[in-house]
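Student: Handing you this structure, nothing more for now.
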Amino acid sequence: MAFNLHRMPTVYVKLNPVFLHVFTELVEKLASHVSLQLSVPMDGPELDDEDMLAAWQEGLIETVRGDCDQLLHLLRDSGLGERPVKLGEDEAIRVLRACSAVRLKIQQRFLLKFSDEVLETIGLDISTLSPELQRVYGCYVFLAEMQETLVEQLESPEV
Amino acid sequence: MGQSANPLTLPETSTETQEEMPWQVVVLNDPVNLMSYVVMVFRRVFGYDEARAQRHMLEVHEEGRSILWSGEREKAENFVYQLQEWQLNARLQQATE
């Protein structure tokens, strides 16, 4: 897997199409979970203000749903893996946030038994994992690399 | 027999105002979000420069939490909401001293 991003907003991902297909299917499934149950704890509004709580939660769900749609569009319909793909800044931000939401969901559903240290350094030995976990962890790493590259592009000073 | 009002249940009529303690925006560590991503989020949400954003990110990473901002509740809520949109574990708390 290799990323070759020139300056924003062009994204070029070199990835075996089989892996891309597997990761896309996995993201589709996880995105539906993310839309039903947020990946982050909701904290902030007064707990006795039901209207505020509902608006807060609905707002976050609407945002993450839109973010995941953007990520899925990038994975399914943009030609990613075949040619460079142009992303606007807003689109890149949505993809970044969706990657985080999906990665958090992966951690919560599949990787809880692994220590924070191992996950922070992306240091799992993939050969020791079951086939299902290999797919999931591969997707986790793939999304992390995409995030790393997008952040680098978004934060690099204009030429 | 008439009932006399219980003075203990009377609504408070004092006009004395107490200065409210500031509200704090706290970010907690998680093992998933990348350091570079967190720094970028702090820069974008709070407008912090690279050094300050880095400092807060390291505090979150090493201490488990960092207070990113403090002030009025409404503004703090807005920051917490934005951070949660970015998928960070953000909390709102009132300063105790």
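Every residue, every condition in (1) in contact (Cβ under 8 Å) with a residue 12 or more places away in the chain; (2) more than 10 Å from chain B (Cβ to nearest Cβ); (3) of a type in the set (D, E, K, R); (4) touching a strand residue (DSSP E or B) at 6+ places or on another chain (Cβ under 9 Å), yes or no:
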site: A:Leu74; (1), (2), (3), (4): yes, yes, no, yes
site: A:Gly81; (1), (2), (3), (4): yes, yes, no, yes
site: A:Ile93; (1), (2), (3), (4): yes, no, no, no
site: A:Lys105; (1), (2), (3), (4): yes, no, yes, no
site: A:Val151; (1), (2), (3), (4): yes, no, no, no
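Student: So A:Leu119 passes all but one of these: (1) open to solvent by 10 Å² or more (accessible area, probe 1.4 Å); (2) modelled with pLDDT under 90. Which condition number does it fail?
Tutor: (1)
Student: Only one of (1) touching a residue at least 40 places away in the same chain (Cβ under 8 Å); (2) open to solvent by 70 Å² or more (accessible area, probe 1.4 Å) fails for A:Leu112. Which number is that?
Tutor: Of everything listed in (1) touching a residue at least 40 places away in the same chain (Cβ under 8 Å); (2) open to solvent by 70 Å² or more (accessible area, probe 1.4 Å), A:Leu112 misses just condition (1).
Student: Quick one: which of B:Gln94, B:Gln82, B:Gln87 is of a type in the set (S, T, N, Q) and open to solvent by 60 Å² or more (accessible area, probe 1.4 Å)?
Tutor: Working: B:Gln82 fails: open to solvent by 60 Å² or more (accessible area, probe 1.4 Å); B:Gln87 fails: open to solvent by 60 Å² or more (accessible area, probe 1.4 Å).
Just one listed residue meets the conditions, B:Gln94.
Student: Same structure again: Go through A:Arg76, A:Arg65, A:Arg103 for me and flag whichever is surrounded by 19 or more Cβ atoms within 10 Å (Cβ to Cβ) and in a helix (DSSP H, G or I). Give the derivation first.
Tutor: Details: A:Arg76 fails: surrounded by 19 or more Cβ atoms within 10 Å (Cβ to Cβ); A:Arg65 fails: surrounded by 19 or more Cβ atoms within 10 Å (Cβ to Cβ).
Just one listed residue meets the conditions, A:Arg103.
Student: Which of the residues spanning region B:45-56 are surrounded by 15 or more Cβ atoms within 10 Å (Cβ to Cβ) and not in a helix (DSSP H, G or I)?
Tutor: B:Tyr48
Student: Next question. With respect to A:Leu124, determine if the residue is open to solvent by less than 50 Å² (accessible area, probe 1.4 Å) and closer than 19 Å to B:Asp30 by Cα.
Tutor: Values: open to solvent by less than 50 Å² (accessible area, probe 1.4 Å): yes; closer than 19 Å to B:Asp30 by Cα: yes.
Answer is yes for this residue.
Student: Something else about it: Evaluate the following for A:Ala98: is it within 11 Å of the chain's Cα centre (by Cα) and either acidic (Asp, Glu) or buried (at least 20 other Cβ atoms within 10 Å of the Cβ) (or both)?
Tutor: On the way: within 11 Å of the chain's Cα centre (by Cα): yes; either acidic (Asp, Glu) or buried (at least 20 other Cβ atoms within 10 Å of the Cβ) (or both): yes.
The answer is yes for A:Ala98.
Student: Then there's this: Check region A:129-143 and report whether any residue there is touching a residue at least 24 places away in the same chain (Cβ under 8 Å) and facing chain B (nearest Cβ under 9 Å).
Tutor: yes
Student: Another question, then. Taking region B:57-74, which residues are open to solvent by 20 Å² or more (accessible area, probe 1.4 Å) and free of Cβ contacts under 8 Å to residues at least 40 places away in the same chain?
Tutor: B:Leu58, B:Glu59, B:His61, B:Glu62, B:Glu63, B:Gly64, B:Arg65, B:Glu74
Student: Continuing with the same structure: Given (1) part of a helix (DSSP H, G or I); (2) facing chain A (nearest Cβ under 9 Å), identify the lone condition not met by B:Arg91.
Tutor: (1)
Student: Being surrounded by 14 or more Cβ atoms within 10 Å (Cβ to Cβ) and either over 20 Å from A:Ser115 (Cα atoms) or touching a Ser or Thr at 6+ places or on another chain (Cβ under 7 Å) (or both): is that true of B:Asn33 here?
Tutor: Numbers: surrounded by 14 or more Cβ atoms within 10 Å (Cβ to Cβ): yes; either over 20 Å from A:Ser115 (Cα atoms) or touching a Ser or Thr at 6+ places or on another chain (Cβ under 7 Å) (or both): yes.
Against the criterion (surrounded by 14 or more Cβ atoms within 10 Å (Cβ to Cβ) and either over 20 Å from A:Ser115 (Cα atoms) or touching a Ser or Thr at 6+ places or on another chain (Cβ under 7 Å) (or both)), B:Asn33 qualifies.
Student: Let me ask something additional. Please indicate, with yes or no, whether at least one residue in region A:29-43 is in a helix (DSSP H, G or I), closer than 18 Å to A:Thr149 by Cβ and at pLDDT 85 or above. I'd like the intermediate steps shown before the answer.
Tutor: In the first step, residues of region A:29-43 are kept if they are in a helix (DSSP H, G or I); the result is A:29-36.
Retained after the next criterion (residues that are closer than 18 Å to A:Thr149 by Cβ): none.
Scanning region A:29-43, I find no residue that is in a helix (DSSP H, G or I), closer than 18 Å to A:Thr149 by Cβ and at pLDDT 85 or above, so the answer is no.
Student: Could you list all residues from region B:27-41 that are closer than 15 Å to B:Glu62 by Cβ and either within 14 Å of the chain's Cα centre (by Cα) or assigned to a helix (DSSP H, G or I) (or both)?
Tutor: Result: B:Val27, B:Leu28, B:Met35, B:Val38, B:Val39.
Student: For A:Arg135, only one of the following conditions fails: (1) part of a helix (DSSP H, G or I); (2) open to solvent by less than 70 Å² (accessible area, probe 1.4 Å). What is its number?
Tutor: In the conditions (1) part of a helix (DSSP H, G or I); (2) open to solvent by less than 70 Å² (accessible area, probe 1.4 Å), A:Arg135 misses (2) alone.
The values are calculated or read from the model by the stated rules, or taken from the named source; none is laboratory data. Remember, it's a predicted structure, so these values are computed and weren't measured experimentally. Using ideal geometry, Cβ is built from the backbone for each residue, glycine included, and neighbour counts are taken over all protein chains shown. Heavy atoms of the whole protein, side chains included, go into the accessibility calculation; ligands, DNA and RNA do not. Shrake-Rupley method; radii C 1.70, N 1.55, O 1.52, S 1.80 Å.
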